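The values are calculated or read from the model by the stated rules, or taken from the named source; none is laboratory data. Because the structure is a prediction, the values reported are computed rather than measured. Don't worry about glycine lacking a Cβ; one is built from the backbone with ideal geometry, like all the others, and counts go over all protein chains shown.
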Amino acid sequence: MKKTIPEKNAIIQRDGETYLITPRTPGGFVDPATLRKIADVAEKYGAATLKMTSGQKMAIVGLQEEDIDAAWADLGMDAGMVAGPFVKGVKFCLGTTYCRKAQQDAVSLGSKLEEKYRGVKLPYMFKMAVSGCPSSCSEPVIKDIGVMGTAKGYTLMVGGAAGLKPRLADVVAKGLTEEEVLEAVDRIMQFFKDYGENRKRLGTIIDQVGLEEFKKEVGLWEK
């Protein structure tokens, strides 16, 4: 049986023969021309289907191994999937850029977090999300770092996770500005680098050291 090819950002599929690739589309935003290009590449190389993923990426599913390099060359795009102990692509909603319900600019903050941290190596995988309002369409409460927009600024949450051992994130600060969120994320990342362990999410580490000790370590507060 064939295996995933990390250096080509190609994930082996259930049939053991074909692969999935995901071009990078930060926040799920993509212009019509790029969307057409993705569809053209999928059609050209006989992909089985296109899948809009929960991570806001368009996966091309069912490529043959010999077509992977050519497909990436035709796309001319970075890979959206980051496998292994790295910061994954940041998930964010439409924010005040487009959504009538939004109270904060999730696109601005999410884009800055994506640009700065995506692909940064850490002791274990790390996920982030930003929502523009308490509707939380980007699901920040189940991310290692979740940011939720409110009328009074951003609420910062940490330690969330989905999966076999789900954990809701803890609120550690409220009423933050975009700059304050970015500064806090820097400190949280450094904490995880210092205290993180293989195959342990941030929430597990926080449970080990205690939430109040964690907040003290990273200098977080509630306004």
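Could you please find all residues in region 137-176 being of a type in the set (Ser, Thr, Tyr) and buried (at least 20 other Cβ atoms within 10 Å of the Cβ)?
138, 154, 155
Which count do you get for residues in region 174-214 that are closer than 16 Å to residue 147 by Cβ, in contact with a strand residue (DSSP E or B) (Cβ under 7 Å, 6 or more places away or on another chain) and of a type in the set (Lys, Arg)?
Summing the residues that are closer than 16 Å to residue 147 by Cβ, in contact with a strand residue (DSSP E or B) (Cβ under 7 Å, 6 or more places away or on another chain) and of a type in the set (Lys, Arg) in region 174-214 gives 1.
Within region 202-217, can one find any residue that is farther than 20 Å from residue 55 by Cβ, over 21 Å from the mean Cα position of the chain (by Cα), part of a loop (DSSP other than H, G, I, E, B) and of a type in the set (Asp, Glu)?
No, region 202-217 contains no residue that is farther than 20 Å from residue 55 by Cβ, over 21 Å from the mean Cα position of the chain (by Cα), part of a loop (DSSP other than H, G, I, E, B) and of a type in the set (Asp, Glu).
So, residue 103, is that one modelled with pLDDT of 95 or more and assigned by TED's automatic domain parsing to the domain that holds residue 197 or not?
Yes; evaluated as a whole, the condition is true for this residue.
Those residues that are within 24 Å of residue 147 (Cα to Cα), at pLDDT 95 or above and aromatic (Phe, Trp, Tyr), I need them from region 36-94; list them, please.
The one that is within 24 Å of residue 147 (Cα to Cα), at pLDDT 95 or above and aromatic (Phe, Trp, Tyr): 92.
Going through 36, 24, 14 one at a time, which residue ends up being out of contact with any Phe, Trp or Tyr (no Cβ under 6 Å at 6 or more places or on another chain), within 17 Å of residue 88 (Cβ to Cβ) and among the basic types (Lys, Arg)?
24
Does region 55-78 contain any residue that is polar (S, T, N, Q) and crowded, with 18+ Cβ neighbours inside 10 Å?
Among the residues of region 55-78, at least one is polar (S, T, N, Q) and crowded, with 18+ Cβ neighbours inside 10 Å, which makes the answer yes.
Could you tell me how many of the residues in region 118-135 are small (Gly, Ala, Ser), surrounded by fewer than 18 Cβ atoms within 10 Å (Cβ to Cβ) and at pLDDT 95 or above?
Going through region 118-135 one residue at a time, the tally reaches 1.
So is residue 185 part of a helix (DSSP H, G or I), out of contact with any Asp or Glu (no Cβ under 9 Å at 6 or more places or on another chain), closer than 22 Å to residue 101 by Cα and hydrophobic (A, V, I, L, M, F, W, C) or not?
no
Name the residues in region 1-50 that are charged (D, E, K, R) and either in a loop (DSSP other than H, G, I, E, B) or surrounded by 15 or more Cβ atoms within 10 Å (Cβ to Cβ) (or both), would you?
2, 3, 8, 14, 15, 17, 24, 31, 37, listed by residue number.
Out of 109, 20, report the one residue that is at pLDDT 95 or above, under 30 Å from residue 199 (Cβ atoms) and assigned by TED's automatic domain parsing to the domain that holds residue 122.
That would be 109, the only listed residue that is at pLDDT 95 or above, under 30 Å from residue 199 (Cβ atoms) and assigned by TED's automatic domain parsing to the domain that holds residue 122.
Considering each residue of region 127-153, count those that are under 17 Å from the mean Cα position of the chain (by Cα) and among the hydroxyl-bearing types (Ser, Thr, Tyr), and give that number.
Count: 3.
If you go through region 5-60 one residue at a time, how many are in contact with a helix residue (DSSP H, G or I) (Cβ under 7 Å, 6 or more places away or on another chain) and among the polar types (S, T, N, Q)?
Total satisfying the criteria: 1.
Restricting to region 191-201, count the residues that are in contact (Cβ under 8 Å) with a residue 24 or more places away in the chain and in a helix (DSSP H, G or I).
Count: 3.
Report every pair of residues separated by at least 6 positions or lying on different chains whose Cβ atoms are under 8 Å apart, first residue within region 77-96 and closer than 14 Å to residue 125 by Cβ and in contact (Cβ under 8 Å) with a residue 12 or more places away in the chain, second among the aromatic types (Phe, Trp, Tyr) and surrounded by fewer than 22 Cβ atoms within 10 Å (Cβ to Cβ).
Between residues of region 77-96 that are closer than 14 Å to residue 125 by Cβ and in contact (Cβ under 8 Å) with a residue 12 or more places away in the chain and residues that are among the aromatic types (Phe, Trp, Tyr) and surrounded by fewer than 22 Cβ atoms within 10 Å (Cβ to Cβ), the close pairs are 85/124; 87/117; 90/117.
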